[in-house]
1. Please list, ordered by first then second residue, the pairs with beta carbon atoms under 9 Å, 6 or more apart or interchain, first in the range A:273-301 and at positive phi, second charged (D, E, K, R).
2. So, in the range A:218-230, of the ones that are of a type outside the set (Phe, Trp, Tyr) and surrounded by fewer than 20 Cβ atoms within 10 Å (Cβ to Cβ), which residue ends up nearest to the other protein chains (Cβ to nearest Cβ)?
3. Tell me, yes or no, whether the range A:37-44 has at least one residue that is more than 14 Å from every other protein chain (Cβ to nearest Cβ), in a helix (DSSP H, G or I) and at negative phi.
4. Can you spot a residue in the range A:186-197 that is over 20 Å from residue A:148 (Cβ atoms), more than 9 Å from every other protein chain (Cβ to nearest Cβ), over 28 Å from the mean Cα position of the chain (by Cα) and surrounded by 24 or more Cβ atoms within 10 Å (Cβ to Cβ)?
5. Checking residue A:178 against (1) under 16 Å from the mean Cα position of the chain (by Cα); (2) surrounded by fewer than 17 Cβ atoms within 10 Å (Cβ to Cβ); (3) within 14 Å of chain B (Cβ to nearest Cβ), which test does it fail?
6. So, residue B:173, is that one away from chain A (no Cβ under 14 Å), within 23 Å of residue B:42 (Cα to Cα) and either touching a residue at least 60 places away in the same chain (Cβ under 8 Å) or aliphatic (A, V, I, L, M) (or both) or not?
7. Is it true that residue B:77 is under 20 Å from the mean Cα position of the chain (by Cα) and either buried (at least 19 other Cβ atoms within 10 Å of the Cβ) or on the phi < 0 side of the Ramachandran plot (or both)?
Amino acid sequence: MKVRTSLLALLCAVGLCLGTAPVCSAADQGPIKIGVFLPLTGQNAFGGQLELDGVRLAHKEMPKVLDREVELVVVDNKSDKVESGNAVKRLIERDHVSAIIGSYGSSLAMAGGEVAEKGKTPVVGTSCTNPLVTMGKKYYFRVCYIDPWQGSAAATYVFDNLKMKKAAVLMDMTNDYAVGLASFFERSFKKLGGEVVAKLKYSSGDQDFTAQLTELIRLQPDVVFMPAYFAEGAIIMKQARELGAKFRLMGADAMDNPDTVKLGGKAVEGFMHTTFPYDAKMPNMSAEAKKFTEVWYKANPNKDPNVNAALGYNAYYLIMDAIKRAGSADQQAITNALAKTKGLATPLGELTINATHDAEMPVGIIEYRNGQRVYLTEVSPK
Amino acid sequence: MSLEMFFQHCFNALTLGSLYALIAIGYTMVYGVLRLINFAHGDILMVGAYFVFFGTFAFGWPWGVSAIVAVAGASLLGVLVERVAYRPLREAPRISALISAIAVSFFIESLAVVVFTGQPRPVLQPDWLISEWQLGNIRVLKLTAFVPVMTAVLVAGLLYILYRTKPGLAMRAISKDIETTRLMGVRVDNIIAFTFAVGSALAAASGIMWALRYPQVHPYMGIMPGLKAFVAAVVGGIGSVQGAVIGGVILGFVEIMSIAFFPELSGYRDAFAFIILVLVLVFKPTGLLGEDLKEKI
């Protein structure tokens, strides 16, 4: 019975193909479906929502490619790894999407990546910076840089621009993101000729950093690199200030959150962190960044665009570009075209996908001055 | 290490230790009376801190008023938890009550995520508490002095309730023999509810202090302090209020000094804390001040 039905299905399929030749794949009829899996609820909802806003904005600007409508299929991965895998499975098996955008958060991206790899469907990550997301993956790409790049950029900025030669590291030793960034920073800073005087640790959930900070005050580094999340980062800033620390503190993109100022209060003064190279008030804005800022404000007059929105926007355009060059909405053709992306003009600069499927772009530097987040400059790591 | 640095570490340790002590006395009191480890203690601490957050930010009350409302609100929550989760299990084996306590803990945390969202929020710190004294290069927050004073006042108040009042007498009687106490005409259920009210008020008070020192509230903020305070209570001898204070201070000093003297091992501060716990339990299984008697208050 089972054999017979499948034979029948095969015959039908062959018939269909012959009937509609020369276009044969199902992906070549009707609208082109692009899946989106992002955390729209749960603890990462903040970033996921902004990235979705960016994707929607780009879709509104460019609703058609190859003379076919583009349809977005949005699935919430609920900030949960299991849900993330299910979301990608649904997009591939039920919606037969041509390509997928997502996700915010490296662990969510990795959970989805395994499924996409089996389903042979290309995925473009938005802000998942862990190297493992695309490592060894044929179908995963991203529009952001990776942590080693970011860590060395931080070291380059501190050493070259600020002329600081003595650094220390304070990191959450139970968090992969922090451990990775800290060691990349350390390696680059030493390579540049700087000295790393201490590498102090804490565990996730710790709220008292006074002992580590007192030790750091004794060692008198010029700068302390702390790749923390914004909540604990704000506590570290406050305690450092209370103890009278004179060194500067520097974080990474996980500190890039409007709540950093709210939680840190006066202690954020002089704090720096790395981020992606876009800001609504950045100096020397490129034409693409200006255009993005304008269309964003037209669509959301009361909300400032941020880098997550820009990344979502970029992910959509990257896929559209690949579809145009491939001349088809076939998953394999898009994947091949994505890998060859070169010099695509975007609000985050010229986007080139490298051999490890990451986007190479300069790293933005933020500093807090008079309680304001100021986009200072961009650095490329050495 | 210079002497100055050493003193700075001492003050840091004293602040942390007295916070642990403050949380631990609530733990130990409920245990002393009911022989129940109230795992929801840390979560009531969290709720207390949230009440202050909402009082100051949403309603614009002064900090002091919010703190009093928070303590009262947490007491009510404690009574409610006792009524719903522990009273029906009074006759059940002790392990059932323990499991119920764990369930309550998870329930309150998850509820807090739904109601308050997981986003950490900043807490208002009254200026007179966060300004600092400067002695040479040593910096001491006024809070550092305030927390131990607060702990001492609350311990004194607690000891007064236990040894000088009628409900206190009934609480001590319950800790010895619940059935006999009932036969003496004491309304045992009411007294136990009162115990929870006091315990939760202490939890809220410590939560408020904790949020002053580490000025953020989020739904999981109570877990780590709760766990550490539990260790402090066991080190000091669970059931003993004075022991909880000593245990808390010891724990604070061990954690800070382990980093001060072994900065390379700074990631292992919790390991140091738990090694102390193991050592105490090996050499004095009842804790430092725990007596191997029936009465444990």
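1. Close Cβ pairs satisfying both conditions: A:284/A:378.
2. Here the answer is A:218.
3. Within the range A:37-44, not a single residue is more than 14 Å from every other protein chain (Cβ to nearest Cβ), in a helix (DSSP H, G or I) and at negative phi.
4. no
5. Only one criterion in (1) under 16 Å from the mean Cα position of the chain (by Cα); (2) surrounded by fewer than 17 Cβ atoms within 10 Å (Cβ to Cβ); (3) within 14 Å of chain B (Cβ to nearest Cβ) is unmet by residue A:178, namely (2).
6. No, not satisfied.
7. Values: under 20 Å from the mean Cα position of the chain (by Cα): yes; either buried (at least 19 other Cβ atoms within 10 Å of the Cβ) or on the phi < 0 side of the Ramachandran plot (or both): yes.
Spelling it out, residue B:77 is indeed under 20 Å from the mean Cα position of the chain (by Cα) and either buried (at least 19 other Cβ atoms within 10 Å of the Cβ) or on the phi < 0 side of the Ramachandran plot (or both).
Here is a yes/no grid of residues against (1) surrounded by fewer than 22 Cβ atoms within 10 Å (Cβ to Cβ); (2) modelled with pLDDT of 95 or more; (3) within 15 Å of the chain's Cα centre (by Cα):
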position: A:100; (1), (2), (3): no, yes, yes
position: A:109; (1), (2), (3): no, no, yes
position: A:136; (1), (2), (3): yes, no, no
position: A:144; (1), (2), (3): no, no, yes
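The values are calculated or read from the model by the stated rules, or taken from the named source; none is laboratory data. Bear in mind the structure is a predicted one, so any value in this text is a computation, not a measurement. Virtual Cβ from ideal backbone geometry, glycine too; neighbours counted across all protein chains shown.
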